[in-house]
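Nothing in this text is a laboratory measurement; each read-out follows from the coordinates by a stated rule. A quick note: this is a predicted structure, and the numbers were derived from the prediction, not measured. For neighbour counting, all protein chains shown are included, and Cβ atoms are generated from backbone atoms with ideal geometry for every residue, glycine included.
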């Protein structure tokens, strides 16, 4: 199921909401409108409007006289519509993914020109998945993955064992790359606690390393954004 979300740059459209509801109905035909509203992050009144529109368009059928007995089912046209819309949605999502991957490749190559070759990824996340797919397009080599979540430690991530952050010193990379956009400060502070000033720390949002031993005066205040506007 596609989980609806609202962000600054990707606010769900009406088409997205309809697709979400069609998927929910396909997977949970016995759901009440209240449950559909909860799962789709819509109000019950909005779900009622969408249900009416989908029914009038011949995409779903509604049966039952009470909330307890109501069922929603996709019609043949509803199945076709769901398939078509999902393909369109997936195509757009892949384009966004490819764009992000190209930008990450560009950023990694900048670190590569600074002499970085071996890296440990900190954060077994969706972001790390994209980084792993971008790495083969550079001369960088991932020699380890660490994560502070005990639930992830000991598992495989793209064929690499997820270790504790304390393993960084034993792995001995040229640098640690933080593969999280939301938790950068938290992870940076954790690395600082474990490693002190003995490791270079790289991010996906800064042109310079957060910390580099030969340059002790370089701090987070000295970070230059990668996405700077041309003069």
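Here are some notes:
- Rounded to the nearest 10 degrees, the inclination of helix 44-56 to the longest alpha-carbon principal axis of the chain is 60 degrees.
- When the chain is treated as a Gaussian network with alpha carbon springs shorter than 10 Å, the biggest mean-square fluctuation among 117, 68, 18 belongs to 68.
- Angle of helix 76-113 to the longest C-alpha principal axis of the chain, folded into 0 to 90 degrees and rounded to 10: 10°.
- Sorted largest first, the principal axis extents computed over the alpha-carbon atoms of region 104-222 equal 37, 32, 26 Å.
- Rounded tilt (10° steps) of 184-195 against the dominant C-alpha axis of the chain: 40 degrees
- The chain: antiparallel DSSP beta bridges as a percent of all, rounded to 5: 35 percent
- Relative contact order of the chain, pairs being alpha-carbon contacts under 8 Å that are 6 or more residues apart, as %: 12 percent
- Per-residue Cβ neighbour rank within 10 angstrom, fewest leading, 9, 122, 111: 9, 111, 122
- Here the Gaussian network model covers the chain, with springs between Cα atoms less than 10 Å apart; of 184, 56, 95, 56 fluctuates the most.
- In plain terms, the residue of 17, 106 with the fewest other Cβ atoms within 10 Å comes first and the most crowded comes last, giving 106, 17.
- A convex hull fitted around the alpha carbon atoms of the chain yields 174 Å³ per residue.
- Taking the convex hull of the alpha carbon positions in region 135-175 and averaging its projected area over all directions gives 3.2 nm².
- Among 128, 182, 167, residue whose mean-square fluctuation peaks in a GNM of the chain (springs only between Cα atoms under 10 Å): 182
- Two-site FRET efficiency, residue 75 against residue 52, from Cβ-Cβ distance with R₀ of 22 Å, rounded to 0.05: 0.90
- Our summary of shape: the Cα atoms of region 14-74 have principal axis extents of 28, 24, 20 Å, ordered from largest down, in whole angstrom.
- Cβ-derived FRET efficiency at R0 35 Å, residue 171 paired with residue 45, nearest 0.05: 0.05
- Theoretical ellipticity at 222 nm over the chain - DSSP helices of four or more residues, -39500 (n - 2.57) apiece, nearest 500: -13500 deg cm²/dmol
- Fewest neighbouring Cβ atoms within 10 Å first, the residues 105, 168, 96 line up as 96, 105, 168.
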